[in-house]
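Down below is the structure, laid out as structure tokens.
Bear in mind these aren't lab numbers, they're just calculated from the coordinates by the rules spelled out. Because the structure is a prediction, the values reported are computed rather than measured. Cβ coordinates were reconstructed from backbone atoms using ideal geometry, including for glycine residues, and neighbour counts include every protein chain displayed.
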Ligand SMILES: NC(=O)c1ccc[n+]([C@@H]2O[C@H](COP(=O)([O-])OP(=O)(O)OC[C@H]3O[C@@H](n4cnc5c(N)ncnc54)[C@H](O)[C@@H]3O)[C@@H](O)[C@H]2O)c1
């Protein structure tokens with residue numbers, strides 16, 4: 001059993017990782033519960049994970065016997081350092097970030113602060129407090145204008161199309177320098193459009209489901225002529241669990257100091273096919289509003305996950321139609337939340 005710090009635990013992927021990892025490890029979770037976006041669903045996720053009402057004590061610790069979670073901002077260096085000093089983690093899983101490409105186009109400054117300075121604070125605490133293993137969320141968006149499909153980890157990532165993507169690329173570069181200087185094992189995971197229960201309401205999946213059900217138009221950019229390599233969230237949690245096991249093995253921290261892995265479904269889906277699958281699952285036609293391609297958007301994403309498979313003997317397995325059916329079923333039972 002390892003002692004793990006999980007950041008961004010009230011987030012969509014964070015909740016699934018928390019649930020999975022807490023079964024086998026001692027997980028200390030943090031999140032700042034920012035009300036910048038998706039605040040209500042973050043509280044609902046915590047209510048679900050803790051099995052009770054969401055209330056914090058005077059130290060900002062969630063009153064719960066089920067999960068160990070504190071409200072803490074990764075930009076608060078003083079409290080972050082105290083946490084690292086007190087807890088002596090074996091490993092950090094860093095998911096906290098400003099997410100959402102569109103908002104990053106409107107408000108790049110907050111993305112720079114949280115995603116670059118915040119990441120730096122985490123990795124610097126790892127160095128100072130001797131945490132030798134860091135697993136962190138990067139993103140498929142680092143591939144930007146890359147035409148080399150499917151994307152492999154060695155494909156060109158020099159053309160990010162927005163500051164969110166650039167911030168994730170910066171994380172990878174900082175991690176590489178720390179891994180080589182300080183004998184830390186740093187693994188960055190390029191997630192490809194993750195979906196599933198407890199999804200972020202700002203992402204297309206829940207917006208589309210909600211609007212199709214309500215007979216409200218959905219916006220399709222570039223006339224829906226875009227592809228996304230969707231990844232079901234349980235495949236992300238499974239990959240992180242296996243990677244953690246691998247990182248905790250013996251002295252592997254020194255053998256493989258820095259790695260980047262794609263984690264994607266491996267089957268790009270055209271957005272029109274995505275909408276028609278939702279229509280079938282919901283038994284209702286979508287009203288489509290066509291718009292030009294938005295600034296900062298990629299046309300296509302497609303992951304080659306063979307490196308991940310070689311490393312942990314696993315790559316995403318959930319078929320897109322089954323994953324979407326499970327997501328729609330979850331949504332139908334939780335309309336009040338999402
Ligand atoms: N969901 C996807 O499709 C996807 C794709 C690629 C990469 N990612 C990356 O995976 C990670 C998790 O994504 P998600 O979809 O669960 O997003 P999310 O927004 O649901 O979760 C991020 C969490 O981080 C927390 N957070 C933000 N700023 C913080 C700060 N300053 N201090 C502490 N906590 C803070 C938020 O409150 C939120 O709960 C992110 O790093 C994201 O960039 C996600």
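Which of 194, 27 has the fewest other C-beta atoms within 10 Å, and how do the rest follow up to the most?
Numbers: 194 25, 27 22.
Arranged by neighbour count, lowest to highest, 194, 27 become 27, 194.
May I ask for the Kirkwood hydrodynamic radius of region 124-182, worked out over all distinct Cα pairs and given in angstroms to one decimal?
Final number for the Kirkwood radius of region 124-182 is 12.6 Å.
Over every pair of different alpha-carbon atoms in region 171-256, take the mean of 1/r and invert it; report that Kirkwood radius in Å. Provide the component values of the computation, followed by the final result.
Numbers: mean 1/r = 0.0617 Å⁻¹.
With all distinct Cα pairs of region 171-256 included, I get 16.2 Å.
Debye calculation, C-alpha points only, no solvent: report log10 I(q)/I(0) for region 220-338 at q = 0.12, 0.18, 0.22 Å⁻¹, in the same order as the q values.
Here log10 of I(q) over I(0) equals -0.59, -1.03, -1.25.
Can you tell which of 24, 286, 303 shows the greatest fluctuation in a Gaussian network model of the chain with Cα springs below 10 Å?
Sorting by GNM fluctuation, first place goes to 24.
Region 262-297 to region 4-73: how many Å between their Cα centroids?
Spelled out, the Cα-based centre of one part sits 31 Å from the other.
Counting just the Cα atoms, what span does the chain cover along each of its three principal axes? Round to the nearest Å and put the largest first.
Dimensions of the chain along the principal axes of its Cα atoms: 55, 47, 38 Å.
How much of the DSSP beta bridge set in the chain is antiparallel, as a percent to the nearest 5? Numbers along the way, then the final one.
Values: 4 of 41 bridges.
Bridges in the chain are about 10 percent antiparallel.
Kirkwood hydrodynamic radius, computed over distinct alpha-carbon pairs, for region 8-56: how many Å, to one decimal?
Details: mean 1/r = 0.0904 Å⁻¹.
One decimal place: 11.1 Å for the Kirkwood radius.
Would region 19-135 count as rounded, prolate or oblate if I go by the C-alpha gyration tensor, calling it rounded below 1.5 in a/c and otherwise prolate when a/b exceeds b/c, oblate otherwise? Don't skip to the end; give the middle numbers.
Numbers: a/c = 1.70, a/b = 1.06, b/c = 1.61.
It comes out oblate by the Cα gyration axes.
Would you mind ranking 132, 295 so that the residue whose beta carbon has the fewest other beta carbons within 10 Å leads the list? Walk me through the numbers on the way to the answer.
On the way: 132 22, 295 10.
Taking fewest neighbouring Cβ atoms as first place, the list is 295, 132.
In region 19-146, what percentage of the DSSP-assigned beta bridges are antiparallel, given to the nearest 5? Before the final figure, lay out each step's value.
Details: 2 of 9 bridges.
Taking every DSSP beta bridge with both residues in region 19-146, the antiparallel ones total about 20 percent.
So how do 274, 178 line up by other beta-carbon neighbours within 10 Å, fewest first?
On the way: 274 23, 178 20.
Ranking 274, 178 by Cβ neighbours within 10 Å, fewest first, gives 178, 274.
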